[in-house]
Each structure stands twice: as C-alpha cells, then as structure tokens.
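Colleague: Sharing a structure below in structure tokens format, with a few things to ask.
The values are calculated or read from the model by the stated rules, or taken from the named source; none is laboratory data. Predicted model, so just to flag it, every value in this text is computed and none were measured. Reconstructed Cβ throughout: ideal geometry from the backbone, glycine too, with neighbour counts over all protein chains shown.
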Amino acid sequence: MIRTAFVLAAAIGALAASSAAAQDGSKVFAMQCKLCHAAASGPMGPTLVGVAGAKIAARTDYEYSPALAAKGGTWTDANLDAYLTAPGKFASGTRMAVAVTKPADRAAVISYLKTVR
C-alpha cells in the first residue's frame, strides 16, 4: 500500500512538473516562435499543432526547405532539441534561422509542443 501511494505521488508530481514546464514553454513560444508558427501554416512557417511525435516535414499545407524535407525521421524530444539548438546544424539549408539558446527554454518549448494538439 505504501509503495502504491509513493508511485501515485511521484506520478502526480511528474504531471505537475510537466504541466508547469508546458506553461513556461507557452510563454517562450509566444516570445520566440509564434511570429512564424501560427495556429495555421503560413508563408513564414508551418503550424506546430501536433508536431511532437510527427514525421519531420510531413505537413501537406507547408512547403519545407529541401534540407528539412530530406531529413526524415520523427520529431522526438531529441530531434526537437537538436533542431531548436541549432537549426542549420540539424538540417543544413533549413530556412529556420532562430535558435532557442537556453536548454531550460528548449525543454519548456518541447513540453509545450506536446500539449498542442
């Protein structure tokens, strides 16, 4: 019984932490990403609704750079982190020029992107 209560408390704590991270990520997203990544894809960038876990450059309503289109794979946490750290290093020739330089901000944005469905 004690073990079950401990596991439940740990799960609740993790959920609260991820919720707080997503909330922080929402703020970072609004400051650094929202200008190009709106609720619908546009000329500046694709929407990021459902991007977490999706195939890279798979939206049909946006024309990706050849570099990103050729990348392949899925938007895992690691791939999102690498892309947000240095977009040009992740996909040489990508049109995205803005990086999220602080690791805590990247982690928060990734947490937020997981909630955008």
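Colleague: Kindly indicate whether A21 is part of a helix (DSSP H, G or I) and either modelled with pLDDT of 95 or more or farther than 21 Å from R117 by Cβ (or both).
Modeller: Details: part of a helix (DSSP H, G or I): yes; either modelled with pLDDT of 95 or more or farther than 21 Å from R117 by Cβ (or both): no.
No; evaluated as a whole, the condition is false for this residue.
Colleague: Select, from A108, A58, A52, the only residue that is among the aliphatic types (A, V, I, L, M) and without any contact (Cβ under 8 Å) to a residue 40 or more places away in the chain.
Modeller: Numbers: A108 fails: without any contact (Cβ under 8 Å) to a residue 40 or more places away in the chain; A52 fails: without any contact (Cβ under 8 Å) to a residue 40 or more places away in the chain.
Sole residue among the options that is among the aliphatic types (A, V, I, L, M) and without any contact (Cβ under 8 Å) to a residue 40 or more places away in the chain: A58.
Colleague: Considering only segment 65-88, state which residues are over 17 Å from A108 (Cα atoms) and in contact with a helix residue (DSSP H, G or I) (Cβ under 7 Å, 6 or more places away or on another chain). Break it down into steps so the answer makes sense when it comes.
Modeller: If we filter segment 65-88 for residues that are over 17 Å from A108 (Cα atoms), which is where we start, we get 65-74, 87-88.
Within segment 65-88, G73 is the sole residue that qualifies.
Colleague: Among the residues of segment 86-117, write down those that are in a helix (DSSP H, G or I) and exposed (fewer than 15 other Cβ atoms within 10 Å of the Cβ).
Modeller: Start the filter on segment 86-117 by keeping residues that are in a helix (DSSP H, G or I), which leaves 87-90, 103-113.
Scanning segment 86-117 gives G88, K89, P103, A104.
Colleague: Consider V49 against the criteria (1) surrounded by 14 or more Cβ atoms within 10 Å (Cβ to Cβ); (2) within 14 Å of the chain's Cα centre (by Cα); (3) of a type in the set (V, I, T); (4) more than 17 Å from T115 (Cα to Cα): it satisfies all of them except one. Which criterion is unmet?
Modeller: (4)
Colleague: Looking at A16 and the list (1) surrounded by fewer than 11 Cβ atoms within 10 Å (Cβ to Cβ); (2) more than 15 Å from L113 (Cα to Cα); (3) modelled with pLDDT of 95 or more; (4) not polar (S, T, N, Q), which single condition is not satisfied?
Modeller: Single failed check for A16: (3).
Colleague: Being in contact (Cβ under 8 Å) with a residue 12 or more places away in the chain and in contact with a Gly (Cβ under 6 Å, 6 or more places away or on another chain) is the filter here, so list the residues in segment 36-49 that pass it.
Modeller: Within segment 36-49, C36 is the sole residue that qualifies.
Colleague: Also: Any residue in segment 63-77 that is closer than 20 Å to V28 by Cβ, at pLDDT 95 or above and surrounded by fewer than 20 Cβ atoms within 10 Å (Cβ to Cβ)? Step through it out loud before you land on a result.
Modeller: Step one: filter segment 63-77 for residues closer than 20 Å to V28 by Cβ, giving 75-77.
Restricting the remaining residues to those that are at pLDDT 95 or above gives 75-77.
From the residues that got through so far, the ones that are surrounded by fewer than 20 Cβ atoms within 10 Å (Cβ to Cβ) too are 76-77.
Looking for residues that are closer than 20 Å to V28 by Cβ, at pLDDT 95 or above and surrounded by fewer than 20 Cβ atoms within 10 Å (Cβ to Cβ), one finds at least one in segment 63-77, hence yes.
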